[in-house]
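Contents: one structure, followed by commentary.
The values are calculated or read from the model by the stated rules, or taken from the named source; none is laboratory data. Just so you know, these numbers come straight off a predicted model, no measurement behind them. Ligands, DNA and RNA are stripped out before the accessible areas are found, and what is left, the full protein with its side chains, is counted by its heavy atoms. Shrake-Rupley method; radii C 1.70, N 1.55, O 1.52, S 1.80 Å.
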Amino acid sequence: MIFETLQTQEAPHVQGAYSPALSVCDYIFLSGQLPLDNDGAMSTGDISSQTRRCIENLQHLLALRGLDLSYTVQVRVYLADMNDYAAMDQVYQQMFKDPYPARTVIGVNALPMGAKIQIDANAMDTRAIEILCAQDEQETSCHDGYCSCREK
């Protein structure tokens with residue numbers, strides 16, 4: 001199995017023993033993103049601006065594979081204050097589109113650097129199968145982690 005660490009200057013530099021994102025074949029596992037700018041400075045804004053920055057960091061990492069948020073299949077949101085849920089969800093709905101990824105929101109006692117939010121995600125690159133299916137004038141069908149072509 002081939003593992004590749006993904007790191008970009010557009011997202012914060014890692015400070016610890018982990019990869020910001022790990023690509024394994026067609027899967028991309030994105031580590032928890034704090035609302036940090038690419039220089040590592042914490043967003044001092046409200047939960048809305050912090051949510052936006054976390055998701056932008058995910059976008060920057062996905063862009064290394066030429067992907068956008070539509071390839072995200074699962075998201076976990078960690079909130080230091082569950083009272084921030086509605087404001088977080090409003091920004092989330094603006095940035096992710098239907099069909100939304102599967103999502104879990106978890107209330108926590110504290111997050112690194114005093115952040116109000118941290119978001120991690122998993123994505124799947126289905127572009128190769130989408131191209132093959134389109135060439136045969138078929139549609140892409142994914143089930144149990146495998147994608148194939150089927151008649152329209």
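What accessible area per residue, rounded to a whole number of Å², is obtained for region 50-152 using a probe radius of 1.4 Å? Provide the component values of the computation, followed by the final result.
Values: 5830 Å² over 103 residues.
About 57 Å² of surface per residue is accessible.
Using a probe of 1.4 Å on the protein chains alone, the accessible area found for Tyr85 is around 90 Å².
Between Ala134 and Gln74, the contour length at 0.36 nm per residue exceeds the Cα-Cα span by 19.1 nm.
Heavy atoms only, probe 1.4 angstrom, no DNA, RNA or ligands counted: give me Lys116, Lys152 ranked by accessible area, highest first.
On the way: Lys116 80, Lys152 170 Å².
Sorted descending by solvent-accessible area, the residues read Lys152, Lys116.
Kindly identify region 17-152 as rounded, prolate or oblate by the Cα gyration tensor criterion: order the square roots of the eigenvalues as a ≥ b ≥ c, call it rounded if a/c is under 1.5, otherwise compare a/b with b/c, prolate if a/b is larger, else oblate. Show your work: numbers first, answer last.
Values: a/c = 2.53, a/b = 2.01, b/c = 1.26.
Prolate, since a/c reaches 1.5 and a/b exceeds b/c.
Across the protein chains, with a 1.4 Å probe defining accessible surface, the residues Met124, Met88 rank Met124, Met88 from largest area downward. Subtracting the Cα-Cα distance of Arg127 and Ala102 from their residue separation scaled by 0.36 nm leaves 7.0 nm. Accessible surface for Asp68 stands near 80 Å², nearest 10, in the context of the full protein assembly shown (1.4 Å probe). Legend: P(r) of region 59-130 from all alpha carbon pair distances, 5 Å bins from 0, whole percents, reading 3, 14, 24, 23, 17, 11, 5, 2, 1.
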